[in-house]
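Everything below concerns the one structure shown next.
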Amino acid sequence: KAGVTQTPRYLIKTRGQQVTLSCSPISGHRSVSWYQQTPGQGLQFLFEYFSETQRNKGNFPGRFSGRQFSNSRSEMNVSTLELGDSALYLCASSRGTSVDTQYFGPGTRLTVL
Amino acid sequence: QKEVEQDPGPLSVPEGAIVSLNCTYSNSAFQYFMWYRQYSRKGPELLMYTYSSGNKEDGRFTAQVDKSSKYISLFIRDSQPSDSATYLCAMSIPNTGNQFYFGTGTSLTVIP
């Protein structure tokens, strides 16, 4: 079974730009969660999508948004990029039933200059 | 104060040593406790999963949860160089979907 894939793996943007990251979950998984990982803060939960609906949301500003498509693939968008948005963005997929094992992708490394 | 605290290390041990990794938390609503391992340039992978208090063993790994002290531990016996990675604790609250709260991770190096 193929794992979680994320594209692109690396991105370099400048302040003020926007970026879209993509995540393809494991086949049959309906839940996709997004996390931001930085050395100082560790993994911080951004949001979770289940069956195309946002089910949970962390404490991030509205510049961070996401969506999920009918095939469970998910995208995350960050608008008006700031230097502090430089991080590893991880996507995790699961079946979405109660508490379930989350399988992480390799992440997208975003650098904001 | 972060809801989950974890000593970042780094921790360096000789091959064959017993490793103890720990996390403390402040939210008594946490019921599910997990340990992930993250190799450099990879996403985290699930190692252990426990519910409420108690111990769980899987091969060389043992996870312990002490809810009265709000303290969880991961023990690695007979540590191997391949165990060198960052270990992340995570926890969640029942019926809140898949929102996990992570520690910042402990970097472990096992020296051959």
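Out of all the residues in the range B:86-112, which are touching a residue at least 24 places away in the same chain (Cβ under 8 Å) and on the phi > 0 side of the Ramachandran plot?
B:GLY105
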Can you pull out the residues in the range A:31-71 that are under 19 Å from A:TYR89 (Cα atoms), within 13 Å of chain B (Cβ to nearest Cβ) and part of a loop (DSSP other than H, G, I, E, B)?
A:PRO39, A:GLY40, A:GLN41, A:GLY58, A:ASN59, A:PHE60
How many residues does the range B:1-52 hold that are part of a loop (DSSP other than H, G, I, E, B) and touching a Lys or Arg at 6+ places or on another chain (Cβ under 6 Å)?
1
Quick one: is A:SER27 surrounded by fewer than 16 Cβ atoms within 10 Å (Cβ to Cβ), away from chain B (no Cβ under 12 Å) and in contact with a Lys or Arg (Cβ under 7 Å, 6 or more places away or on another chain)?
yes
Test each condition in (1) open to solvent by less than 50 Å² (accessible area, probe 1.4 Å); (2) within 14 Å of another protein chain (Cβ to nearest Cβ) for B:VAL65 and report the one that comes out false.
(2)
So, in the range B:53-66, exactly how many residues are modelled with pLDDT of 90 or more, in a loop (DSSP other than H, G, I, E, B) and in contact with a strand residue (DSSP E or B) (Cβ under 9 Å, 6 or more places away or on another chain)?
1
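The values are calculated or read from the model by the stated rules, or taken from the named source; none is laboratory data. Since the structure is predicted, the reported quantities are computational estimates derived from the model, not experimental observations. Every residue, glycine among them, receives a Cβ derived from its backbone with ideal geometry; neighbour counts consider all protein chains shown. Surface areas here come from the heavy atoms of the whole protein model, side chains and all, with no ligands, DNA or RNA. Shrake-Rupley method; radii C 1.70, N 1.55, O 1.52, S 1.80 Å.
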